[in-house]
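This report refers to the structure that appears directly beneath it.
The values are calculated or read from the model by the stated rules, or taken from the named source; none is laboratory data. Everything numeric in this text was worked out from a predicted model, so none of it was measured. Note: ideal-geometry Cβ built from the backbone for every residue, glycine included; neighbour counts use all protein chains shown. Just so you know, the surface numbers come from the protein's heavy atoms only, side chains and all, with ligands and any DNA or RNA stripped out. Shrake-Rupley method; radii C 1.70, N 1.55, O 1.52, S 1.80 Å.
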Amino acid sequence: MSLELEQRIAKLEKEVVGLRQEVDALKQSPAVDKTSTLNARKSMLEQTSPTPTPNPRPMPVQEKTVQPQRSLEERIMWALPKVFMVILVLGVLWGLKLVSDYGYLSNEVKIILAYILSISLAVIAYVIEVKKFGSSAIMISLYGGAFIIGILTTAAGAILYEVLGLTMALIIAVIFIGYGIAISYFKKNEVLTLFVAFTSLLLPYLLEYMDFSSVIILIFVIVLFSMLQFVILQHKQKIALYVATFFTVLAVSVVAFMNSDNQVVFAIGMLIVLALYFMSWCRLYNPESTWKHLHVGMQFSLGTFSLLLMNLIIRNVDYNELLLIVLLSLFVAVASYGYKQKWQEAFDSAVTLAFITLCNTLLIMNMPDKVDDLLLPLMTFAGVMISLRLRASMMKVVSSLLFTLALFVSYTVHEPTPFFSIAHVSLLMPGVYLIVIYLYALRPKETLHTFEKLMKDMYVLDLLAVITTGYILAYVGKLDTAYFAGVSEIPHSMSILLALIFALSLLLPVKWKGRALTPALGVFFLFFTLLLTVLPYNMQGIEWINLATRLVYMAVIVAIVIDLLMKGRIYQLYEERMTKFLDTTVSAGVVLVMLAIWGFVYQLAYNSLLDWKLSIALSTMTLFLTASISLWLSSVRHLRKLRLTGFAVLAIAFIKLIFFDLSALDLLIRAILFITIGGIGMLLSGRLLRK
């Protein structure tokens, strides 16, 4: 130990002893030291801050008022009065039917009793509301029951029993409808509004039975729907808006179908109803709501449903495209308002409705033939894109089914002949749409919805990659059939494209190609390798495409084997599997290349491009060369299965050389063959012995 180190240790020991003494002194007089210390700190604070600042009083925190959520039992109890009211109405109807069957009461008395029951229910509901001795749910159920019984009684008195005159029945029905709208407005209950909307919109069918003018019926429907908008907007009843719009559009369409005239008037009435609906929808839409995708989906669904009915109404109208242009302008106005309010989802939906309407307008115009074949897949493609944009589950299912149907029709109906034609474009464009849909669906998402997680678990996006590639290959197959296929009808162009796409899929990461594309292409690639490159077949006039197909398949297999042996990109992408299956994969690749070369040689002889004796010699040399390469690679890369493959091929080569080639070849070719094989064998033996 050095002198300097000893001095440092001695100094540290002295400091430790001093610290222990100070600690003992502090333990003996803790109270005195603590008091003196506190006094010293207090005096210092007083000197530095002579005017003490009072402690700030904490601000009172306002508690957020949380709206109490109803339990399941409370919801059931709240719904029971409405259920029992429906049961009561059914009981009254069946009771009146029973009384009618036995003939106890006349039809007039039954109608009067039913009206008395309706008025009594309304009076009881009013008394309960004023006296406040009953539940509000019972009160609302009584008000609604009075309305339903009154409407049904009026319809029965006018149609079934013919007690009431048609005009009197209409007046009474209008009074009851006014009563229903009034109680819906003042009681602020959405279920009551739904009852009133549904029951009131049954009146147009009664009016149709009463042989009223179709224009008067249309005016009644529009006025009724307009009055309902005051209730819906005042109390923000979104479900009532959708239900009322659906039955209003349906009522206008049914009455229009029952009348062969005034179709233009009904179409204008449909436009007015849709304008009122979209106005209310824009006022009720909340972009911050968690249900915004559902509301946008309902907007899109009702828009497409109305467009379909509009087409049926105006199918026999002259210049019907003008009416669709007005509807297109309505959708454009909604899209512009959504863009101004920065409602991305609503804007996308309205733009798509406008786009579909534009395509629909072009369809019914006097366009050139086959243009409609282009527009049908284009419209369904727009539906798929908007569903992906909005991430709306139901819209995805519906639009995907429609697009699949359009895809199937386009492929089965159209042909690529002539090459420059609308039919050919109609066949090609669905493949382009599939590529766009797949690339758009690949965009990253921060969070996945429940439906999106289910689709991911079901390999839907991976299946879409397979379908897209399959359609492209099938399209090229149709090109083969129309322009390239010979007597044997073999799709060589499609086969070449399959090999190239398979090679490309091996180079792409899984996030771009999916999990199912490469295995599916691999199965078909192996099948076509054995089908097209092993056996020779007849090709008249276009032997070059046959030979080109064989060369492409050989090049792809050789490139894959070289990449795996050199640990290139394919090896790196599949490194986990290649560590186990490298030997097997390389052995299979070498054998496939050997079979492909063998088939290529015999195809040349089959097409009289090579002498048959020379083809026998080349095939034998292929066996020996394959065996040599296999043994050399196995020694370099330490691949046991490849070594066994080399020995097996070498044995087959010797058997073929001795038992088949000697008798078939003349002396010159036999000498050249043996010299070549002997030289190759000597070189290989030297390399193996050196290893």
Going by average Cβ density within 10 Å per residue, which order do the peptides 269-275, 607-613 take, highest to lowest? 269-275, 607-613
Roughly speaking, to the nearest percent, how much of segment 200-296's 1.4 Å accessible area is carbon and sulfur? 68
What distance in nm separates the two pseudo spin-label positions at Ala555 and Ala648, each 7 Å out from Cα along the beta-carbon direction? 3.0
Compute the length gained on full extension between Val425 and Thr481: take 0.36 nm times their separation in residues and subtract their Cα-Cα distance, giving the result in nm to one decimal. 18.5 nm
Given charges at beta-carbon only (K, R positive; D, E negative), |dipole| of segment 496-579 in Debye: 260
Pairs Lys567/Lys641; Lys238/Lys445; Lys236/Lys445; Lys238/Lys292; Lys188/Lys340: which are spaced more than 21 Å apart, C-alpha to C-alpha? Lys238/Lys445; Lys236/Lys445; Lys188/Lys340
Quick calc, segment 308-390, dipole around Cα centre from Cβ unit charges on Lys, Arg (+) and Asp, Glu (-), nearest 20 debye, gives 320
